[in-house]
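Heads up: the structure comes next, in structure tokens.
The values are calculated or read from the model by the stated rules, or taken from the named source; none is laboratory data. This structure is a prediction, so every number in the text was calculated from the model and none was measured. Here Cβ is always computed from backbone atoms with ideal geometry, including for glycine, and neighbour counts include all displayed protein chains.
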């Protein structure tokens, strides 16, 4: 029998991270789920219903939390890392709370760098790293300007790592979901009035399905989830940047 593979998923208590954890468990991965909310992690462990899986409580927007999970990646080599944890903030940049904005950049960027580094230092042939980015990496949205910028960073970083790691046969993916039915909108400061229509919204499970298909093929550094998102991200790459920003300001 083949040796069981090990995966670590950040932001695993809900949304895309939780969907990843549940899907990977069905793919015979031993899953280590990471999040701040221990109650939700315990609930996830009950759903996974196997002693093969475990969890770690950590706030990756802090140095202490990032160091804890980086040490876990160094001590126990994993075959797959899903850097999924992140959050956004809606509203005018200059009106936002600066410490909260800086907490977002620490989680969305600094933690991704630190955990990717710890993972890749130990990675071997056939291992893989998935950094969850966003379609907004290609479409800067003034109502969420810093969030969009953090995801542009994650996408660019992942593309460079993809090329760098090819010679080691370690696959790196930047996964770019669009609108997804999670609590992201509400937690970012969105309202019911400006909630995106469900017709163009994917479920976390649909996003994970796209990612798992791409993981099997291991060919593309950037994977955009959903036909609408693929069309939009392709279109904005040939539009004048002024037009793209103006369009996204209107949509936001």
**Q.** Check on residue 85, assigned to a helix (DSSP H, G or I) and either surrounded by 14 or more Cβ atoms within 10 Å (Cβ to Cβ) or modelled with pLDDT of 95 or more (or both)
**A.** no
Within segment 222-252, the count of residues that are part of a helix (DSSP H, G or I) and surrounded by fewer than 17 Cβ atoms within 10 Å (Cβ to Cβ) comes to 14
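Would you call residue 156 surrounded by fewer than 21 Cβ atoms within 10 Å (Cβ to Cβ), modelled with pLDDT of 90 or more and assigned to a loop (DSSP other than H, G, I, E, B)?
Spelling it out, it is not the case that residue 156 is surrounded by fewer than 21 Cβ atoms within 10 Å (Cβ to Cβ), modelled with pLDDT of 90 or more and assigned to a loop (DSSP other than H, G, I, E, B).
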Of the listed residues (100, 68), the one being without any contact (Cβ under 8 Å) to a residue 40 or more places away in the chain and either in a strand (DSSP E or B) or within 24 Å of residue 32 (Cβ to Cβ) (or both) is 68
Residue 3 fails exactly one of (1) touching a strand residue (DSSP E or B) at 6+ places or on another chain (Cβ under 8 Å); (2) surrounded by fewer than 22 Cβ atoms within 10 Å (Cβ to Cβ); (3) in a loop (DSSP other than H, G, I, E, B), namely (1)
Of those in segment 30-51 that are at pLDDT 95 or above and over 20 Å from the mean Cα position of the chain (by Cα), the residue surrounded by the most Cβ atoms within 10 Å (Cβ to Cβ) is 48
Pairs returned, first residue in segment 225-250 that is closer than 21 Å to residue 209 by Cβ, second residue that is in a helix (DSSP H, G or I) and at pLDDT 90 or above, beta-carbon separation under 7 angstrom, 6 or more apart or interchain, are 225/207; 225/210; 229/135; 232/135; 233/135
The correct count of residues that are part of a helix (DSSP H, G or I) and in contact with a helix residue (DSSP H, G or I) (Cβ under 9 Å, 6 or more places away or on another chain) in segment 88-97 is 1
Checked 173, 139 against criteria (crowded, with 18+ Cβ neighbours inside 10 Å, modelled with pLDDT under 95 and not in a helix (DSSP H, G or I)); the one match is 139
When segment 204-221 is checked residue by residue, the ones that are surrounded by 14 or more Cβ atoms within 10 Å (Cβ to Cβ) and either modelled with pLDDT under 95 or within 19 Å of residue 12 (Cβ to Cβ) (or both) are 204, 205, 206, 207, 208, 209, 210, 211, 212, 215
Looking across segment 52-65 at residues that are in contact (Cβ under 8 Å) with a residue 40 or more places away in the chain and under 21 Å from residue 23 (Cα atoms), the single one that is surrounded by the most Cβ atoms within 10 Å (Cβ to Cβ) is 55
